[in-house]
Amino acid sequence: MRKLIAAIMVAGAALVGGQAIAADLPYYPPVIEIPDVDYGVQGSFYLRGSAAGNALWAKEASAYECVACGGTSVITNFPFVAMGYGYSVGAGVGYETGTGLRVDATVDLIGNEGLKVTKDATYGARQGDYTLKLRSTLALANAYYDFSFGGDYGYGAAGGAFGYVGAGTGVAFNNFEVSSPAGVTVPSGDNVSFAAAGMVGVGYDFGALVADVGYRAVYINRISNDVAFPDTVTTDHNWLHEVRGTLRYRFN
């Protein structure tokens, strides 16, 4: 019995002493560390639509003519004396990586009229003005780099104003028609040509919707009616200059 009473007294003393010691110790609340959220690279797919006004220019057109040639037509170069003017509308689908780089594929329908050659009286009944009417379908694969005007590296995720540069390559499917003087017929025709483009512009990111306006230079290697001798007419190294507005809609 004496042993039981002694054990109970020892346990009570230990309990009272532990509470006294704990009361003297400073209290430090537990620190819970929450790791930073790693959002990673935020990419998104987008649809785009665009509209532009354009001006077409090339150095000269080549056609078969016979002037003091003994009856045998030879290829003759005729300098253009006026630019052509027109429009384009386009659509595309693309992907932006979230780092400033984006890529897309676009198809544009191009209309242009007025690129003009004038043949003088040396060409007799074939003298007069010849103007090109061009209809093209332009298919390009493009890459761009968007950069924030806020000084951020790459394209700021918060949106706002930005600038961009880009380049593209692809093909142009051309429909060639010529308006010619009365009594002179130049056959219409179609051809397919290598094409490329360079772009620069500014825009504003509203979130799901992005708007921009810029300049696009389109190079079309050859435009031709692609018919047999002696009715072949071609114009090489053609430049289409556009002022273009674009809207992009992000899927996510």
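The values are calculated or read from the model by the stated rules, or taken from the named source; none is laboratory data. A quick note: this is a predicted structure, and the numbers were derived from the prediction, not measured. Glycine gets a Cβ as well: all are built from the backbone with ideal geometry, and neighbour counts include every protein chain shown. These accessible areas exclude ligands, DNA and RNA; they are computed on the full protein's heavy atoms, side chains included. Shrake-Rupley method; radii C 1.70, N 1.55, O 1.52, S 1.80 Å.
Restricting the stretch 114-133 to residues that are in contact (Cβ under 8 Å) with a residue 60 or more places away in the chain and in contact with an Asp or Glu (Cβ under 9 Å, 6 or more places away or on another chain) leaves a set whose member that is farthest from Ala195 (Cα to Cα) is Arg126. Could you go through the stretch 62-74 and let me know if any residue there is modelled with pLDDT of 65 or more and more than 27 Å from Val233 (Cα to Cα). No, there is no match, as no residue in the stretch 62-74 is modelled with pLDDT of 65 or more and more than 27 Å from Val233 (Cα to Cα). Scanning the stretch 84-100 for residues that are assigned to a strand (DSSP E or B) and touching a Phe, Trp or Tyr at 6+ places or on another chain (Cβ under 6 Å), we see that the one that is least open to solvent (accessible area, probe 1.4 Å) is Gly94.
Looking at this structure, is Ala143 among the aliphatic types (A, V, I, L, M) and modelled with pLDDT under 95?
Working: among the aliphatic types (A, V, I, L, M): yes; modelled with pLDDT under 95: no.
In short, no.
All of Gly198, Gly183, Gly207, Gly166 fail the test of being free of Cβ contacts under 8 Å to residues at least 60 places away in the same chain, surrounded by 19 or more Cβ atoms within 10 Å (Cβ to Cβ) and out of contact with any Leu (no Cβ under 7 Å at 6 or more places or on another chain), apart from Gly166.
Contact map, the stretch 215-237: residues that are touching a residue at least 24 places away in the same chain (Cβ under 8 Å) and open to solvent by 20 Å² or more (accessible area, probe 1.4 Å) paired with residues that are outside any strand (DSSP E or B) and among the hydroxyl-bearing types (Ser, Thr, Tyr), Cβ distance under 7 Å, separation 6+ or inter-chain. Pairs shown: Pro230/Ser73.
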